Each structure stands twice: as structure tokens, then as C-alpha cells.
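Bear in mind that the values in this text are calculations on the coordinates, not laboratory data. From a predicted model like this one, the values you see are computed outputs, not experimental measurements. Ideal geometry is used to build each Cβ from the backbone, glycine not excepted, and the neighbour counts take in all protein chains shown.
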Amino acid sequence: MTEKREYRMEELARLAGITVRTLRFYRERKLIPPPRREGRIAWYDDHHLARLRTIAALLERGHTLNGIAELADAFDHGRDVGDLLGVGEPTEETPVRLTPEELAARFEGEVSAENLAAAMELGYLGTDGDELVHISHRLLEVSSALVREGIPLGEVLQAGARVREHADALAGLFADLILRHAAEPELHRLRPLARSVVEAELSLALDRRLQRPRHG
């Protein structure tokens with residue numbers, strides 16, 4: 001097991017490549033969590049170092065300190081990873097762990113405090129220390145692909161919220177159908193059938209939506 005490292009203020013500043021004065025400024029702006037205090041001595045750990053490196057990466061990408069402060073607040077008050085994933089709940093989705101700078105790289109210029117808060121509210125993102133956890137590798141890949149196609153992340157998240165409503169309704173319809181004729185454990189066994197129906201119907205719906213009217 002890796003021993004937890006702790007640093008005095010001067011050592012942390014040196015490792016992060018900043019001055020002690022800058023570190024104090026970040027602490028006053030609440031860009032980093034409070035240190036552990038032992039009498040008059042403040043002790044910092046690797047979470048503080050990771051946060052400082054994240055701040056440096058975001059500054060290099062053009063984020064302002066005000067924007068970073070909003071992001072830091074969202075990280076610190078985001079949903080815990082346990083709340084995000086649910087304890088013991090079955091899932092076919094694979095979570096993805098990301099640092100804030102990795103998230104910023106996936107959605108170049110689109111990671112704002114507003115979008116981050118929306119993703120957390122939807123349940124897409126949770127926090128685990130200084131890491132973020134996206135609930136679904138598939139949803140992460142699709143949303144980043146849509147943003148690369150020029151669709152604003154805010155609109156992707158709004159669409160995600162609407163899809164969530166329809167998906168919840170479809171899941172309820174399927175569950176009601178099964179529970180009228182079988183025991184609850186059958187829901188898990190038969191869930192691939194529900195997914196196949198939804199995928200097929202969505203494919204047919206897209207065909208109808210994309211079909212161009214014929215002109216005589």
C-alpha cells in the first residue's frame with residue numbers, strides 16, 4: 001500500500017512549480033481544499049498537488065481564475081462516486097475515471113461550470129477525490145463525438161436530459177410488462193430483450209425521419 005505523502009507549504013509550492021504567495025492566493029480563493037492543521041503547521045497532500053497541477057493545465061487552456069474557481073466549487077460539491085454509480089446496482093455500462101484536465105481535453109473549450117453542473121445533475125459525472133467519474137464509457141464517447149461535430153456541449157446535455165425522460169418511460173413500460181407475468185428477478189435476465197426492442201425501433205424511427213419525400 002502506498003504511504004500517504006504530506007507536504008509543508010514551501011515544498012508543495014516547489015513541486016507544483018508556483019510561488020508560496022501564489023499558493024496562498026489559491027487557498028484564499030478556495031481553489032484548493034483547506035490543509036490539515038497540526039498546531040500552527042499546515043499539511044498538504046497529493047490531492048492538493050493534483051489540484052494545483054489541474055489549475056495550471058486549465059490556465060494553459062485559456063480558462064480564467066474565476067472560471068476555475070467555479071469549476072473547483074463544482075468538483076468539491078459534486079455528487080460522490082458512490083451516489084453516482086449506486087452501490088450493488090446491476091449495470092451494463094462501464095464507468096470512466098478522468099482528471100479535470102482530461103475532461104477539458106475531450107471537450108475542448110466546452111467545459112464550463114454550467115455544463116459541468118448540468119452533467120452532475122444528470123448523473124453523468126461524479127467526483128472521487130480529485131478525479132471525475134463518468135457513469136458510462138459509451139455516453140462519454142458519443143457526447144464527445146457530437147461536440148467534435150460542432151454541436152455545443154450544452155445542447156448535447158439538454159438532449160441527454162430529454163432522452164433520459166423517454167428512457168425512464170421505456171424502462172417503466174418494460175418493467176410493468178414483465179412484472180405482470182413474471183417475478184422481479186426476471187427483469188435482469190430479460191433486459192437485453194428490452195434493449196433490442198428500443199434499438200430496433202430507434203433505427204426504424206431514424207429511417208422514417210431521414211426518408212426524403214418523393215417528388216412526382
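Data overview
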| read-out | value |
| --- | --- |
| Gain on full stretching of the segment that runs from A105 to E149 - 0.36 nm per residue minus C-alpha separation | 14.3 nm |
| Those GluC sites (Glu not before Pro) in segment 89-186 that DSSP places in a loop and that have at most 13 other beta carbons within 10 Å | E92, E93, E108, E149 |
| Cleavage-rule hits, trypsin sites (Lys or Arg not before Pro), segment 108-192, DSSP coil, Cβ neighbours within 10 Å at most 16 | R180 |
| Entry for Rg and Dmax of the Cα atoms in Å (calculated from the structure that is shown) out of (1) 19.3, 70; (2) 20.5, 82; (3) 22.4, 86 | (3) |
| For the chain, calculated [θ]222 nm from helices alone, where every DSSP H run of n ≥ 4 adds -39500 (n - 2.57) | -19000 deg cm²/dmol |
| Cβ-based net charge around L179, under 15 Å, with every Lys or Arg adding one and every Asp or Glu removing one | 0 |
| A57/R164 FRET efficiency (R0 25 Å; Cβ-Cβ; nearest 0.05) | 0.25 |
| Residue of A167, A72, A205 that the Gaussian network model of the chain assigns the largest fluctuation, springs spanning Cα pairs under 10 Å | A205 |
